[in-house]
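Read through the structure below, which is laid out as structure tokens, and then see the notes.
The values are calculated or read from the model by the stated rules, or taken from the named source; none is laboratory data. Bear in mind the structure is a predicted one, so any value in this text is a computation, not a measurement. Heads up, the Cβs are rebuilt from the backbone with ideal geometry, glycines too, and the neighbour counts pull from every protein chain shown. Each accessible area value is taken on the protein alone, full model and side chains, heavy atoms only, with ligands, DNA and RNA left out. Shrake-Rupley method; radii C 1.70, N 1.55, O 1.52, S 1.80 Å.
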Amino acid sequence: MTVAGKMNQYQVVGRKAATDENPNPEAYRMIIFAPNAVIAKSKFWYYMHQFRKMKKTTGEILDCVEILEKNSRIVKNYGIWLRYSSRSGTHNMYREYRDLKLTGAVTQLYNEMAGRHRTRPRSIQIIRTATLEASDLKRVNGMQFAKKNVKFPLPHRVASAKRNMKALSSTTFTTQRPTTFLG
């Protein structure tokens, strides 16, 4: 599986194909993160073959729906539990991200795992995700932004050029350095 761009969240429902012995087999529902619906269905069969010994040839997909987040205007903290295969073995991991949507946090996860651990997307399995309160955060990087009075100061700003004006001074060349501290 390649991850180009953002991930989406899909709910895939499938079951074993109906037979004469079992006309109404048990259905299984899975929440899967994938770039598109085709890859989501493929991952569904990958996990079903691992957990329930079902294959695409002996089963059928009943439903595949993209899940959209209701409130994507507020920044939230997300905790993601995952397992991944590296060159030395299989590892469990917990990571925290801040994003507007869960799918954005999962996209950050795939990008960071590729950068820090050289992990391919096919070797990452997301076990669980959760929306965290500020008191539930464990990582220092997320805690520094979860305070009530967090500020993002702009200490050094460079004046940009306006129409028919120079950027930092009235002349092109000057002997004084520009002042960028506006505090």
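A few comments on the model shown:
- Single unsatisfied condition, Ile74 versus (1) assigned to a strand (DSSP E or B); (2) surrounded by fewer than 14 Cβ atoms within 10 Å (Cβ to Cβ): (1)
- If you go through the stretch 77-112 and keep only what is in a loop (DSSP other than H, G, I, E, B) and under 23 Å from His49 (Cα atoms), you end up with Ser86, Gly89.
- Only residues that are of a type in the set (Lys, Arg) and more than 15 Å from the chain's Cα centre (by Cα) were counted across the stretch 58-80, and they come to 2.
- Scanning the stretch 50-67 for residues being modelled with pLDDT of 95 or more and under 29 Å from Gln108 (Cβ atoms) gives a total of 6.
- His49 within 24 Å of Val140 (Cα to Cα), open to solvent by 60 Å² or more (accessible area, probe 1.4 Å) and of a type outside the set (Phe, Trp, Tyr): no
- Cβ-Cβ under 6 Å pairs, at least 6 apart or on other chains, the stretch 14-36 side under 16 Å from Thr129 (Cα atoms) and part of a loop (DSSP other than H, G, I, E, B), far side open to solvent by 70 Å² or more (accessible area, probe 1.4 Å) and among the hydrophobic types (A, V, I, L, M, F, W, C): none
- The residues on offer are Leu100, Leu68, and the sole one that is among the aliphatic types (A, V, I, L, M) and surrounded by 13 or more Cβ atoms within 10 Å (Cβ to Cβ) is Leu100.
- Extreme residue, most open to solvent (accessible area, probe 1.4 Å), among residues of the stretch 81-91 that are within 26 Å of Met143 (Cβ to Cβ) and either of a type outside the set (Phe, Trp, Tyr) or over 16 Å from the mean Cα position of the chain (by Cα) (or both): Arg83
- Residue ID - surrounded by the most Cβ atoms within 10 Å (Cβ to Cβ), chosen from residues in the stretch 105-122 that are small (Gly, Ala, Ser) and at pLDDT below 95: Ala114
- Test: residue in the stretch 78-101 that is touching a residue at least 60 places away in the same chain (Cβ under 8 Å), closer than 21 Å to Ile39 by Cβ and not aromatic (Phe, Trp, Tyr): no
- Boolean, Ile74 is in contact with a helix residue (DSSP H, G or I) (Cβ under 8 Å, 6 or more places away or on another chain), within 21 Å of Phe145 (Cβ to Cβ) and β-branched (Val, Ile, Thr): no
- In the stretch 28-39, the residues that are over 15 Å from the mean Cα position of the chain (by Cα) and closer than 19 Å to Thr103 by Cβ: Arg29, Met30, Ala37, Val38, Ile39
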